[in-house]
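J.: The structure is given below, and queries will be raised subsequently.
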Amino acid sequence: MPAVAVPAFALAWWAACYLIGRDPTRGPSVRAAAALAAYAIGVLLWTIAPGSAAAEIFFCVPALFWAGAAVALLPRLVPERRQIDLGWLILVAPFLLMAVALPAAGRLVVLAPLVGGVVLLWRFRDQVQPNILPAALAVMSALYAAGLAMLLIVDLGAPVLVILAIGVDLMMLAFLVVIAEALDVGERLRPDLIRSLIGALLGVAVVDVPITLTMLGDTSTTVRVLQFGLLAAVMTGIGLIGQLRRALDRIAYRHDDRLREDRGALLMLAEALPRHRQRHRLIATDQQDFLRFTRQALDNYGRLGRLMRSPLTDLPAVDRRLSGLTIEQPLARAMELRAVLAEGVDRLRPAGRFATTDEWRHYNALYFGVVLGLDPYARKRSTDGLDREARLALDWMRRNVPRQTLRRWKDEGAAIVARRLWVELAHTDPRWLTRVTTRST
C-alpha cells in the first residue's frame with residue numbers, strides 16, 4: 001500500500017494546494033481543493049487502517065464538495081444561483097452526518113447532491129464555458145461514483161487499485177475546474193500549471209522513495225502519520241509557493257516596509273507573467289467574453305496583481321497611455337488599465353450635483369463601491385478622509401439599497417462601461433491591429 005499511497009497522497013495534496021494558491025477567492029477552486037484534501041486524508045487513513053470506516057467516510061466526502069463545485073460553476077446570471085449555493089451549504093452537514101451514521105452501502109447517499117449539481121450544470125450548459133464542461137463533469141462524476149460503489153459494496157480484491165482510480169477521477173475533475181476558471185477570467189493555464197506540476201513531480205521523486213522505505217521498515221502508526229505530514233509539508237510548499245514567500249517576507253522584513261513592498265511587486269509580476277494571455281488574442285475575443293473580462297477587472301479594481309493578469313491590459317487605450325514609455329512593464333499596464341476603468345466609470349456620472357435618483361444608480365454603485373472601494377454593509381465603517389458626497393452615498397446605500405440590488409447595479413454599470421470599451425476596440429486604428437500581430441507573445 002505505501003508504494004501507491006505515497007504518490008497518490010502527494011499529488012492529491014499538491015493539486016489541492018495549487019487550486020487554492022491560484023485563486024483562493026473563487027468558490028469552485030476552493031471546493032475542488034477541499035475534495036482533493038479529503039481524498040488525501042482518506043488515503044492516509046486507509047494506509048494506517050485498511051478498510052476502516054473513517055477512511056471510507058473521507059472517500060465519500062469529495063462527492064459533497066464536488067456538488068458544491070458544480071453549483072459554483074453555474075453561470076453568474078442564473079437568477080437562482082445564490083439560493084442554490086445556499087441550499088448546498090445547508091445540505092452538506094446532514095449528508096455528512098448520514099455518511100458517518102449509515103453502514104458502508106448507505107454512505108453512497110452522498111452521491112445525491114453530486115447528481116443534483118451535475119443536473120443543474122447540464123440544464124444551463126449553453127451558458128457554461130467551455131461547452132464540453134457539463135458533459136465531461138458528468139462522465140467523471142459517474143466514474144467516481146462507480147469507483148466509490150466498488151470500494152464500499154463490491155469486493156474486487158484490489159481496493160488499492162480502486163482507490164487509485166478514484167484519485168485519478170478527482171484529479172481530472174479538478175483539471176476541468178481549473179480550465180473553466182482560466183477561460184472565465186481570460187488567463188493562460190498551461191505555463192503556470194506545468195511549472196507547478198514539474199515541481200510536484202520533483203518533490204515526489206525526492207521524498208517518495210525514502211518515505212516509502214521508512215513506512216515499509218516501520219509499520220507503526222506514529223511513524224506513518226509523521227511521514228505523511230512531512231510529505232504534506234513539501235507539497236504545500238510547492239503548491240503555495242507564492243503565498244509562502246509573502247508570509248516569509250512579512251516576517252523577515254517586518255521592519256523594512258519599502259523592501260517588503262518592492263518584493264511584493266516583483267512577486268505579483270512573477271505570478272502574472274505565465275498567466276497573461278497572448279496579446280493578439282484580445283482581438284479574437286467576442287463581446288460576451290469582453291463583458292465578463294470588464295466586470296472582473298472592475299471587481300479586481302483594487303488588486304493590481306489580478307489586473308496584471310487581465311486581458312484588458314492590452315487595450316488600445318492602455319497603449320496610448322504608455323506611448324511615451326520605452327519599456328512597457330506589466331505593472332504599469334495594470335495601473336493604466338485601472339485609470340481607463342476609472343475614466344469609464346466617471347463617464348457614467350450624470351450632469352449636476354450628486355444625487356441618489358435612478359439615473360445615478362450605476363455611477364454611485366461603481367464609483368463609491370468599486371473605485372473608492374467602500375463597503376456600506378461592513379460592520380466597522382470608517383468615514384475618515386471621505387468627502388461629503390462619499391459620506392452621503394455610503395449612508396444612503398446602507399439604509400436604502402439591499403446588497404443584491406447594489407450587486408445588480410454594479411453588473412449593469414459594468415456592462416455599460418464594457419460596451420463603450422468594446423466600441424472603441426472595434427473601431428480602433430487598423431495600424432494597431434498590425435502592431436498587435438507583430439508584437440504578440
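J.: Of (1) assigned to a helix (DSSP H, G or I); (2) surrounded by 12 or more Cβ atoms within 10 Å (Cβ to Cβ); (3) within 22 Å of the chain's Cα centre (by Cα), Thr285 satisfies all except one. Which?
T.: Thr285 satisfies all of (1) assigned to a helix (DSSP H, G or I); (2) surrounded by 12 or more Cβ atoms within 10 Å (Cβ to Cβ); (3) within 22 Å of the chain's Cα centre (by Cα) except (1).
J.: So how many residues does region 90-110 have that are without any contact (Cβ under 8 Å) to a residue 24 or more places away in the chain and not in a helix (DSSP H, G or I)?
T.: 2
J.: If you take the residues in region 344-372 that are among the small types (Gly, Ala, Ser) and open to solvent by less than 50 Å² (accessible area, probe 1.4 Å), which one is farthest from Val318 (Cα to Cα)?
T.: To start, the set of residues in region 344-372 that are among the small types (Gly, Ala, Ser) comprises 344, 351-352, 355, 365, 369.
Checking which are open to solvent by less than 50 Å² (accessible area, probe 1.4 Å) leaves us with 344, 355, 365, 369.
Numbers: Gly344: 13, Ala355: 31, Ala365: 24, Gly369: 23 Å.
Per the stated criteria, the residue is Ala355.
J.: May I pose another question? Tell me which residues, restricted to region 28-41, are open to solvent by 30 Å² or more (accessible area, probe 1.4 Å) and under 8 Å from the mean Cα position of the chain (by Cα).
T.: Selection gives Val30 alone.
J.: Additional query: Between Leu201, Leu183, which is under 33 Å from the mean Cα position of the chain (by Cα), hydrophobic (A, V, I, L, M, F, W, C), closer than 30 Å to Phe293 by Cβ and in a helix (DSSP H, G or I)?
T.: Just one listed residue meets the conditions, Leu183.
J.: Being within 17 Å of Leu366 (Cβ to Cβ) and touching a residue at least 40 places away in the same chain (Cβ under 8 Å) is the filter; apply it to region 376-407 and report the residue that is surrounded by the fewest Cβ atoms within 10 Å (Cβ to Cβ).
T.: Of everything passing the filter in region 376-407, Gln404 is surrounded by the fewest Cβ atoms within 10 Å (Cβ to Cβ).
J.: Based on what the data block shows, is Ala12 closer than 20 Å to Ala180 by Cα and either open to solvent by 30 Å² or more (accessible area, probe 1.4 Å) or out of contact with any Phe, Trp or Tyr (no Cβ under 7 Å at 6 or more places or on another chain) (or both)?
T.: no
J.: Further, regarding this structure: So which of Leu273, Leu269, Leu230 is within 19 Å of Arg306 (Cβ to Cβ), in a helix (DSSP H, G or I) and open to solvent by 80 Å² or more (accessible area, probe 1.4 Å)?
T.: Leu273
J.: Exactly one condition in (1) over 30 Å from Arg82 (Cβ atoms); (2) open to solvent by less than 50 Å² (accessible area, probe 1.4 Å); (3) outside any loop (DSSP other than H, G, I, E, B) is false for Leu337; which is it?
T.: (1)
J.: Quick one: how many residues across region 190-222 are over 14 Å from Ala5 (Cα atoms), of a type in the set (A, V, I, L, M, F, W, C) and surrounded by 14 or more Cβ atoms within 10 Å (Cβ to Cβ)?
T.: Qualifying residue count, region 190-222: 4.
J.: Touching a residue at least 40 places away in the same chain (Cβ under 8 Å), on the phi < 0 side of the Ramachandran plot and not in a helix (DSSP H, G or I): which single residue out of Pro62, Pro130, Pro113 fits that description?
T.: Answer to the selection: Pro130.
The values are calculated or read from the model by the stated rules, or taken from the named source; none is laboratory data. Predicted model, so just to flag it, every value in this text is computed and none were measured. We place every Cβ from the backbone using ideal geometry, glycine too, and count neighbours over all the protein chains shown. Calculation scope for accessible area: heavy atoms of the full protein, side chains included, ligands and nucleic acids excluded. Shrake-Rupley method; radii C 1.70, N 1.55, O 1.52, S 1.80 Å.
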